[in-house]
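> Let me begin by handing over the structure; questions about it come next.
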Amino acid sequence: MKHPVVSSKGGAAAKRGIKLAKIEAVIFDLGGVLIDVHLEPLRRRLERRGLPDLAEEIRRQPQAALLNSGRIGPQDFYRWVEQRYALGLTFEEFREAWCSIFSPRPAMEELVRQLAGKVRLGLLSDTDPMHWGHLCRHYRFLELFPRPVLSFQVGAVKPSEVMYQAAAESVGTAAGRCFYTDDLPENVEGARRAGMRAVLFESPAQIEQLLKEENLLETV
């Protein structure tokens, strides 16, 4: 289901002619925005173990949320999965399967590279140490984010206000001067409640156009 495009200049303030603060920082979600996420590779690996449709179930379990919030570590999570589902995987095999869900989104990488040096860059992600380590090894453009805000380090997950406060602090500016995009509506709403100019991610072209409207990218 497609969601309507929401302009960062939209909303009641713009309709009333109120001048909005100049954007000083662009903050991105990670999975589903900068990087594609597909569960099919994980499903295939689990199906070979005779456990079809287990990928979504594992990700929905409370232990996955505990992993993302840093309350349990990767080894604890792996032991819980093995005890519950008897996958018969070593930790290394499990980690490889767990991290198989990512694939590149070249247009977003290019967008980040265009923004680097022109505006403060922030990264705000609900993620775990296994995923983050894998992504840093395979997607070197993430080095362009000097102070990524990661749920397992903060000890909270979106849409907790703590996450958005940490993201604004990471880029050294007020929330009202931050542009944020996420692929989940509840996380966009959380960012707006925290005072950010937030939009629901639909496509690289949509975000590029919105950033051009903010004069953060050149219009050709």
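> Only residues in region 188-204 that are under 19 Å from Ala166 (Cα atoms) count as the first member; pair them with residues that are of a type in the set (Lys, Arg) and not in a loop (DSSP other than H, G, I, E, B), Cβ under 7 angstrom, at least 6 apart or cross-chain, and list the lot.
Ala198/Arg192
> Further, regarding this structure: Report whether or not Arg105 is surrounded by 13 or more Cβ atoms within 10 Å (Cβ to Cβ), within 19 Å of Pro41 (Cα to Cα) and out of contact with any strand residue (DSSP E or B) (no Cβ under 7 Å at 6 or more places or on another chain). Full working, then the answer.
Values: surrounded by 13 or more Cβ atoms within 10 Å (Cβ to Cβ): yes; within 19 Å of Pro41 (Cα to Cα): yes; out of contact with any strand residue (DSSP E or B) (no Cβ under 7 Å at 6 or more places or on another chain): no.
No: the conditions fail for Arg105.
> Looking only at region 29-83, which residues are under 28 Å from Met108 (Cβ atoms) and in contact with a Gly (Cβ under 7 Å, 6 or more places away or on another chain)?
Within region 29-83, Val37, Ser69, Gly70 meet the criteria.
To keep it simple, each residue is scored yes or no on (1) in contact with a helix residue (DSSP H, G or I) (Cβ under 7 Å, 6 or more places away or on another chain); (2) more than 22 Å from Lys158 (Cβ to Cβ).
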| position | (1), (2) |
| --- | --- |
| Asp36 | no, no |
| Gly50 | no, yes |
| Ala64 | yes, no |
| Ser69 | yes, no |
| Ile72 | yes, no |
| Asp76 | no, yes |
| Val81 | yes, yes |
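> Further question on the same structure: Mind checking whether some residue in region 211-220 is modelled with pLDDT of 95 or more, under 19 Å from Met108 (Cα atoms), of a type in the set (S, T, N, Q) and part of a loop (DSSP other than H, G, I, E, B)?
The answer is no; no qualifying residue exists.
> Between residues in region 83-94 that are surrounded by 14 or more Cβ atoms within 10 Å (Cβ to Cβ) and residues that are charged (D, E, K, R) and assigned to a loop (DSSP other than H, G, I, E, B), which pairs lie under 6 Å by C-beta distance while being six or more apart or on different chains?
Leu87/Arg49
> Related question: Can you tell me which of (1) surrounded by fewer than 16 Cβ atoms within 10 Å (Cβ to Cβ); (2) of a type in the set (Lys, Arg); (3) touching a residue at least 40 places away in the same chain (Cβ under 8 Å) is the one Lys212 doesn't meet?
(3)
> Next question, about the same structure. Consider Ser100 against the criteria (1) in contact with a Leu (Cβ under 6 Å, 6 or more places away or on another chain); (2) at pLDDT below 90: it satisfies all of them except one. Which criterion is unmet?
Every listed condition holds for Ser100 apart from (2).
> May I pose another question? Can you find, within region 193-210, the residue that is farthest from Leu144 (Cα to Cα) among those that are within 18 Å of the chain's Cα centre (by Cα) and part of a loop (DSSP other than H, G, I, E, B)?
Only one residue tops the list, namely Ala194.
> Here's a follow-up. Taking region 1-37 as the region of interest, how many residues are modelled with pLDDT of 90 or more, of a type outside the set (Val, Ile, Thr) and within 17 Å of Pro204 (Cβ to Cβ)? Give the steps one after another, and end with the answer.
From region 1-37, those modelled with pLDDT of 90 or more are 22-37; that's our starting set.
From what is left, the residues that are of a type outside the set (Val, Ile, Thr) are 22, 24-25, 28-32, 34, 36.
Those still in the list that are within 17 Å of Pro204 (Cβ to Cβ) too: 28-32, 34, 36.
Selection size over region 1-37: 7.
> Let me ask another. For region 56-67, which residues satisfy the criterion of being over 17 Å from Ala97 (Cα atoms) and either under 16 Å from the mean Cα position of the chain (by Cα) or β-branched (Val, Ile, Thr) (or both)?
Correct list: Ala65 only.
The values are calculated or read from the model by the stated rules, or taken from the named source; none is laboratory data. Fair warning: this is a prediction, and the values are worked out from it, not measured in the lab. Neighbour counts are summed over all protein chains in view; Cβ atoms, including those assigned to glycine, are modelled from backbone coordinates with ideal geometry.
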